[in-house]
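The structure appears right after this line, and notes come after that.
The values are calculated or read from the model by the stated rules, or taken from the named source; none is laboratory data. The model shown is predicted, which means the values in this text are computed figures rather than measured ones. Cβ placement follows ideal geometry from the backbone for every residue including glycine, while neighbour counts extend to all protein chains displayed. Calculation scope for accessible area: heavy atoms of the full protein, side chains included, ligands and nucleic acids excluded. Shrake-Rupley method; radii C 1.70, N 1.55, O 1.52, S 1.80 Å.
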Amino acid sequence: MSWISRLVPSAMFVMSLLAHAAIASAADEVVVYSSRNEQFIKPLFDAYTKETGVPVRFITDREGPLIERLKAEGANTPADILMTVDAGNLWFAAYEGLLQPVDSQTLNANIPAAWRDPDHRWFALTVRARTIVYNTKRVKPADLSSYEDLGTAKWKKRLCLRTSKKVYNQSMVAMMIAELGEPKTEAIVRSWVGNLATDVFSDDAAMIEAIAAGQCDVGIANTYYFGRFKNKQPDAPVALFWPNQGDRGVHVNVSGAGVTRHSKHPAAAIRLLEWLSAPPAQKMFTEMDFEYPANPSVAPSPAVASWGTFRSDPINVSKAGELQRAAVMLMDRAGYR
């Protein structure tokens, strides 16, 4: 047999292996519906594909339209994973029957129980604290103590808030209801409204700008908005304060994901979620947008770590969804618009 005749079967064998690999890769393709912006997920998906050979196709939109799309598509959906921000949105997707339970020792080990669905239908991937932001020229840290203290007389006409229409504030109030009950929470929210220095803001970024400019002295914002602001304006007179360290701790929320009920590739979807919960991907998450890793074995980025440590609320974040309707009605009664 000539060396050419020996080479042909070998080449054909290699081509067959490549063809089978391509078929397996296509079969394992994961489709993600994401309310997170492309800039925060594409680098992770690209890294996953490079490491595993499994392609990830994603569609981005706001969480509401994505959830409605999943409902409309039903069993015909191409989506394997729903990825979104806020535990309230994740809870609602699970409540609507759009996510399936996942049995994964890896996810259970990587993500603390307080940051995953009690029925294992979704898991946090990043964490953000919703904490107090203050003007360092007008407020001393010793003046601050708790969320409820922002409703006392010393903060009259000094408080700024983001609109109650945003899910982040709805989830925060829902978690307060879970721990403090509705009457006490409503009294606190009413006291905040009475201390407002100006109309509520459409987003945290504009509110932090107002605090830095002295339009108000204190406010409540997500930590990653603070990180973005300080990254652009490092000398601005604003800082973070961790409230309620003597009792329930700082309110935290999450971004996360779950496997869709009608996923065509559930095993591949679970493998992607497990990879996203592992240290290399968690490190990428925290370095991209000033978020905290959901995996406690991973250190936050140096910028985030510079804000100091804090005790967070230990209640399962699913309560943010369970009590969100009650929170919305409470804020309406309290005049928080």
*Give the cross-link partners of LYS166 among the lysines, using a straight C-alpha distance below 26 Å as the criterion and excluding same-chain residues fewer than 8 apart.*
LYS42, LYS71, LYS156, LYS157, LYS184, LYS230, LYS232, LYS319
*Roll a 1.4 Å probe over the protein heavy atoms and report the accessible area of CYS216 in Å², nearest 10.*
0
*Taking the inverse of the average 1/r across all pairs of different Cα atoms in the chain, what Kirkwood radius in Å do you get?*
21.4
_Per residue of the stretch 186-196, what does 6.51 cos²θ - 1.76 cosθ + 1.60 with θ = phi - 60° give for ³J(HN,Hα)? Whole Hz please, x for Gly and Pro, Karplus curve as stated._
5, 4, 5, 5, 4, 5, 4, 4, x, 9, 4
*Per residue accessible area in Å² of the chain, where ligands, DNA and RNA are left out and the probe is 1.4 Å*: 44
*If one computes the Cα centroid of the stretch 275-337 and of the stretch 158-180, what distance in Å separates the two points?*
14
*Taking the Cα centre of the chain as the origin and placing charges on Cβ (Lys, Arg +1; Asp, Glu -1), which of ALA47, PHE241, ALA129 is farthest toward the positive end of the dipole?*
PHE241
*Using the Karplus equation 6.51 cos²θ - 1.76 cosθ + 1.60 (θ = phi - 60°), what ³J(HN,Hα) coupling, rounded to whole Hz, does each residue of the stretch 269-284 give in order, writing x for Gly and Pro?*
5, 5, 4, 5, 4, 5, 5, 5, 8, 7, x, x, 5, 4, 5, 4
*Filter the trypsin sites (Lys or Arg not before Pro) in the stretch 135-214 to those in DSSP coil with at most 14 other Cβ atoms within 10 Å of their Cβ, and list the result.*
LYS137, ARG138, LYS156, LYS157, LYS165
_Computed [θ] at 222 nm, deg cm²/dmol, the chain (DSSP H ≥ 4; -39,500 (n - 2.57); rounded to nearest 500)_ = -14000 deg cm²/dmol
*Would you kindly calculate the mean projected area, averaged across all directions, of the convex hull enclosing the Cα atoms of the stretch 239-304, in square nanometres?*
6.3
*At 1.4 Å probe size, with no ligands or nucleic acids counted, give the accessible surface of SER202 in Å², nearest ten.*
90
*If you average over every viewing direction, what projected area does the convex hull of the Cα atoms of the stretch 93-206 give, in nm²?*
9.4
_With every protein chain left in place and a probe of 1.4 Å, what is the accessible surface of ILE59, to the nearest 10 Å²?_
50
*D (Stokes-Einstein, µm²/s), Kirkwood Cα radius, the stretch 202-249, 1.002 mPa s at 20 °C*: 188
_Dipole moment magnitude, nearest 20 debye, the stretch 73-164 about Cα centre, only Lys, Arg, Asp, Glu C-beta charged_ = 1140
_I'd like the Karplus ³J(HN,Hα) series for the stretch 170-180: coefficients 6.51, -1.76, 1.60, θ = phi - 60°, whole numbers in Hz, and an x wherever there's a Gly or Pro._
4, 5, 4, 5, 4, 5, 5, 4, 4, 9, 9
*asked:* Sort LEU240, LEU82 by heavy-atom solvent-accessible area, probe 1.4 angstrom, most to least.
replied: LEU240, LEU82
*State the answer as a single residue: which of GLN282, ALA142, ALA94 lies farthest towards the positive end of the charge dipole of the chain, with beta carbon charges of +1 for Lys and Arg and -1 for Asp and Glu, about the Cα centre.*
ALA142
_Of all accessible heavy-atom area on the stretch 175-258, the percent that carbon and sulfur account for (1.4 Å)_ = 48
*By the scheme Lys and Arg +1, Asp and Glu -1, what is the net charge of all other residues having a beta-carbon under 14 Å from that of SER191?*
+4
*Taking GluC sites (Glu not before Pro) as exposed when DSSP calls them loop (any state but H, G, I, E, B) and at most 16 other Cβ atoms lie within 10 Å, what is the longest stretch of the chain free of them, the sites themselves excluded?*
97-337
